[in-house]
Each structure stands twice: as structure tokens, then as C-alpha cells.
Amino acid sequence: MFFSEEGARWALIVHGGAKEMEPDERADNRSGVIEAAEAGRAVLEKGGSAIDAVVAAIEVLERLPVFNAGRGSALNEAGDIEMCSGVMDGRDLSVGAVGAIKHVRHPVAVARDVLPEKEVLLVGEGALRFALAKGHDEVPTEALITETRREALKEMHDTVGAVAMDTGGNIAAGTSTGGLTGAKVGRVGDSPMPGAGLYADNHVGGVAFSGDGETITRLALAAQVMASIGKDGPEDAIRKAVDQLPGTGGAEADGGAIAIRKDGTIGWTHNSPDFAVAYLTSDMEAPRAFLSKDEEKSG
């Protein structure tokens, strides 16, 4: 999708995770990514920053229990919740990230607070201490667990994310995840790692991944997309990256990504069974939402 040539322009794309949805989850996934897109829109329409729009959108996804982020996060091998989140500001390449953080409602908001710090990534108890020092509420694990996650047997490895471009041409990307079902305590995947799960640079664009985190990290897929997005465009750049997942991580390695090129071109694709995505630009009256790329193509 491209912009028109008139007026101040902005763009936003969000996703609810590369995964396989149960039939009774489909409506909530669709409405959830639309709600997230509208939250980002409220920021961008008022001239707000891309980073604030990304955080606003992801906070919606962290609040809704259908997504594996914030409330509704997957349980690790100890039956506990450890979450990861990262944000990157393309204006100055600053990164804020938290890994294996517990007892917060919105990991993305904590990651946002790390942005001005010298450190890039805070993990575990240190991340929680930082969050509390910044005024975030400490919440019990039970407040984040849903019965669906407690009873889940199949492995989850999905992540939510957003990429935005504001009216100043600034680009930001963000991710948030509840991690893997049954993961080892202390596990950190690709989501908070720049160059793996996300990246943003005003001179190039922005991207956010979801899927098999270990394989995405090993392949540095966000870095690969950023290296080719200018020439290939966001969709082809993502496709080339995602196509590598099964070859490196095996048949179960799948994923997807969303991206915006510096000229405002939006793209997304996936090789997972489903991928809930919504996007919106200053040229559109309402978000467009899909549960797979095939659905967009058929529409």
C-alpha cells in the first residue's frame, strides 16, 4: 500500500501474532487488532510520535486475553509468566527492552521507559525493579493468567507487534510477548532484540516479527529485512526472510512480520497458519483487518 502525495501523512500496522487460531478466537483476534490500530490512530492523527503510537497500540493487545502478551501470556515450565517486550525509535536508533519480566501489566510501557537509559535490555528481577522505580504497578501473576492459557497444551510462540510512521516521517517498531508455553525459566526470545525481532531506522523503515523466536534470532531476520526493504519493498523483503525459517528451524518453524518502508509503503506476510493484522494510513477512513494474507488477497 502506498500514500497519496498530499498533506501530512502517517501510517500504522499492527499484528496479533503468527499462530494457528481456534475457531472461537477468530472474531476476538480481528476486533483486537482493529482496536489496537484505532489506539495508534488516535495518537498519529493528533500529530503524536510514532513511538507513542506503537506503545498505545501494543498496550491494547497486552490488555486483551486472546493475545499472548500481558494478560493472556503463556505459562513457562514453572507455571509462571515471564514476558518480553522491545521498542525502537528510528529517529536516533534508541532501543528500550525488557526480558523475562514478571508482575507488570504492560511490558511495552516498561520497555518505553528504558528508551532514554544507557542500557538497552533489562531482564528478570532487574527489569521489575526498574519498572517499580518508574511507577509501574506490581501485579500478581494470577492477574495475568487466563484459564485458556492455564489449560493450554499446544506450544505457543507468537508475539504481538506494531510499526508506525508519524507525520514527521519518524518510524518506530515494537513487540511484546508472553513467551513460549513450557519454556525454561529465564528464557528470552527474539522479541526484545534489535535486529532479530524488531528494528526501526528513519532512513530505511521499520519491521516487527512474530513466530519461532529462536530461529528468528539465529537468522537475525529483522536485520535481513532492513537490508533489503529499500530495494525489494517491505512485502518481498519479509517473504524472503520468512522463507528461511523452516530450512533453519525445521518444519515447525514458522512466523510472520509487518513493516513500513521510509516512503510509507506498508507490507506484511507470513508462513504460519494465521496472522491477525490491521493497518491504517492517513489516506484511509477505517482500518483494514485480516486473519491471513490469503484473506487479504481474496478480498
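The values are calculated or read from the model by the stated rules, or taken from the named source; none is laboratory data. Please read all numbers here as calculations on a predicted model, not as lab measurements. Note: ideal-geometry Cβ built from the backbone for every residue, glycine included; neighbour counts use all protein chains shown.
The table below lists the values:
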read-out	value
Strands (runs of 3 or more DSSP E) (entirely within the stretch 61-141) containing at least 2 residues that are modelled with pLDDT of 95 or more and under 14 Å from the mean Cα position of the chain (by Cα)	83-89, 94-101
Complete set of residues in the stretch 111-140 that are within 20 Å of Val160 (Cβ to Cβ) and in contact with a Lys or Arg (Cβ under 7 Å, 6 or more places away or on another chain)	Asp113, Val139
From Ile258, Ile216, residue being more than 24 Å from Ala289 (Cα to Cα), crowded, with 24+ Cβ neighbours inside 10 Å and in contact with a Phe, Trp or Tyr (Cβ under 6 Å, 6 or more places away or on another chain)	Ile216
Any helices (runs of 4 or more DSSP H) falling wholly within the stretch 200-246 and containing at least 1 residues that are among the polar types (S, T, N, Q) and more than 16 Å from the chain's Cα centre (by Cα)	213-219, 221-232
Per-region count, the stretch 281-296, residues within 13 Å of Gly267 (Cα to Cα) and more than 21 Å from the chain's Cα centre (by Cα)	0
Qualifying residue in the stretch 67-77 (condition: over 20 Å from Ser49 (Cβ atoms), in contact (Cβ under 8 Å) with a residue 12 or more places away in the chain, surrounded by fewer than 18 Cβ atoms within 10 Å (Cβ to Cβ) and in contact with a Lys or Arg (Cβ under 8 Å, 6 or more places away or on another chain))	yes
Hits in the stretch 285-294 (condition: surrounded by 15 or more Cβ atoms within 10 Å (Cβ to Cβ) and assigned to a helix (DSSP H, G or I))	Lys293
